[in-house]
Structures are given as C-alpha cells and as structure tokens.
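Note sheet for the following structure.
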Amino acid sequence: MSAGQNESRKRSKKRFGAGHHSKRWKGSRELEVGMEGILITCNMNERKCTAEAFNLLNEYADKLYGPEKLQDNTGSSSEDEEDAEEEDVEVALKKEVAQLQASGAKLERRFQALDSGANNVIFIRTQNLESDKLVHHILSDLHTTKKKKSRVILRMLPVTGTCKAFQDDMMKYLITFLEPWFKTPNCATYQIAFKARNSSHNKRDEIIKSIAGLVGKLNPKNKVDLTNPELTIIVEVIKAVCCISVVKDYTLFRKYNVQEVVKEDAPKADVTTAKTDTNISEQQEKPDTGETNQEEKRGEEENGKDLQESNKEVDKGEGE
C-alpha cells in the first residue's frame, strides 16, 4: 500500500472517529431552562456514575411510585390487527408507521441522562415524579440502614426549578418559587448553598444577599441558621442555567452526600474530626472554575456573614 493511500486511510479514520464522538456526546440533549431532575456529582467516572444513578433511582422509584409502565411500541390491539388484515397491504403499512410515530412521541422514560455542561456532574431529567421527595427518601433510607449502595456517586441534589443564570432572571423566578416555604404565614430557619460552574458573571456575595433579601420580604420571621437550618436553598449555576431547590435535613444528610450519609455518626467529643470526615468526598470534586478549598471555606464564611447582614437589614426595614 502506497504512502498516499495510508495517509488517506488515516484521514478517513480520523474523520469517522471525530464524527462518532461528536454524535455521541455533543449531539446528546443538554440541561436547559424549564427542566426538573437531579444533579449528581462524581469523581472522574461519569459513565459508571450514570449507571449507578439509574440503578439507585429506579430501585427507590419502584418502591415509591411502582414499576415504570411503558406503552406498547406498536400501540395496536388484537382488534386493530384483524382490521388490518382486511385492508390493503399498503394502507396497513402506513397505518402501522403512523402508530409507531405516535407512540414514540408519547414515550417518555421517567429518568433520562443529559449533558449537564460541567465535568464530573451529570443531570438526570425526571418525568412524572417529585425529585426532591425521591432524593430525600433515598438519603433517609441510607442514613437509617447505613448500607452503601454506590461507589462513585458523591452528592445527589434535586432540581425542582430552573431559570436563566442571570441575576435579574434568578430574582424574578425565585420571588415566586420560594413562596410555598417562606411566604407568610409560612416561615423557617434557612441557609443558602450557592455554587457556580463554568460561569463567571454571577458574584457569590451579591446573589446570596439578594436571595436573603427576598426571603426576608416574604416573611420577616424567616431567620438564618448556618448550624442546623430547617430548610436549605440550593442554587447551582452551570453555564447559562440556574438549578434551584429547597430541601430538608441538608445538615443531617451530610450535604446530600451518599458516601458520607452511610457512615456512623461520630461521637460528640470528636466534632472537629467529624466535620473533617464530612468534607472528604466534597474535596475530591474538581470544580471547573478552579476554586481551591480555601476559597470555598472563605466563601462559606462570607455566606454566613452576608445572610446575617441581609436579615438585619430586612428586620430594620420592617421596623421602620
């Protein structure tokens, strides 16, 4: 084989390989505004993480909602088949194709893996179920039984609302989204867990202050508690999409970390050690923004200060 033929063959393989990779990954559906689901973080093994996520979610979804029911692909009954025999063959074929297309359009799996837009993060889109209740049920069972059911999954964060990741859009969306938990007569102690990936146009302190201000306006009785809050407002920004949820037992379930929640609770005397153990898995995550552990720690301290200052401002404004 000549050198020219070898070179041509290499180029063909290269083009084919690139096209195949592009079709498999870039062509897949991505996280978009308007979706609900579950954000799952892992450490360098997204394929295995996705497989574990499907197994874990289906196991508990079957218990809560029953086995998943899928429509018959043909969408036909025995009576339809008898009628088809009497029709012209060409007409019958057209009818069957139409039925297949109609049933395919209606067929939606309750869990679907999408491209999240960030490394070490997968997004599982959910259909016809409440992701926050499902994730809480999973973590509650793992916390009680202490049975480890995954190896590479780190955190499971429900996403019950999404909007554009610009501050104005986020505030407009949140003022309505937060009402069921914080609007008078409802009130609760809370904290805000904010993280941004592949996004630099949102400033952490400004977002936290703005959200705290909204919560205070909904009901002045809402108070910040960074130790053991009743509710945690999770805000995860990935590129141009902001994922939001309000969850319970965030501290009890170790920040919704499935690796840490199955560990035995440390003795009260070893509070420092327990706190260090709790953060081990999260330190293994590699955020795309290049945040260091020191920056994250400083961010958490600023979070607490910002929340407390915002609450004081709201209380002062209400008093005036």
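The values are calculated or read from the model by the stated rules, or taken from the named source; none is laboratory data. Because the structure is predicted, anything quoted here is derived from the model rather than measured. Every residue, glycine among them, receives a Cβ derived from its backbone with ideal geometry; neighbour counts consider all protein chains shown.
Quick look at the values:
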read-out	value
Residues that are in contact with an Asp or Glu (Cβ under 7 Å, 6 or more places away or on another chain) and aliphatic (A, V, I, L, M), drawn from segment 107-135	114, 118, 122
Every residue from segment 171-186 that is exposed (fewer than 13 other Cβ atoms within 10 Å of the Cβ) and under 20 Å from residue 207 (Cα atoms)	176
Criterion (surrounded by fewer than 16 Cβ atoms within 10 Å (Cβ to Cβ) and β-branched (Val, Ile, Thr)) met by exactly one of 232, 227	227
Out of 257, 303, 222, sole residue that is of a type in the set (S, T, N, Q), buried (at least 17 other Cβ atoms within 10 Å of the Cβ) and at pLDDT below 60	303
Complete set of residues in segment 216-246 that are among the aliphatic types (A, V, I, L, M) and either free of Cβ contacts under 8 Å to residues at least 40 places away in the same chain or assigned to a loop (DSSP other than H, G, I, E, B) (or both)	226, 240
Which numbered condition residue 158 misses (of (1) surrounded by fewer than 21 Cβ atoms within 10 Å (Cβ to Cβ); (2) at pLDDT 95 or above)	(1)
Subset of segment 30-80 that is of a type in the set (Ser, Thr, Tyr) and either part of a helix (DSSP H, G or I) or at pLDDT 95 or above (or both) - its residue that is nearest to residue 239 (Cα to Cα)	41
Of residues in segment 35-52 being in contact with a strand residue (DSSP E or B) (Cβ under 8 Å, 6 or more places away or on another chain) and of a type in the set (A, V, I, L, M, F, W, C), the one farthest from residue 247 (Cα to Cα)	49
Filter result for residue 224 (closer than 30 Å to residue 44 by Cα and not small (Gly, Ala, Ser))	no
Total residues in segment 108-152, condition under 21 Å from residue 260 (Cβ atoms) and among the aromatic types (Phe, Trp, Tyr)	0
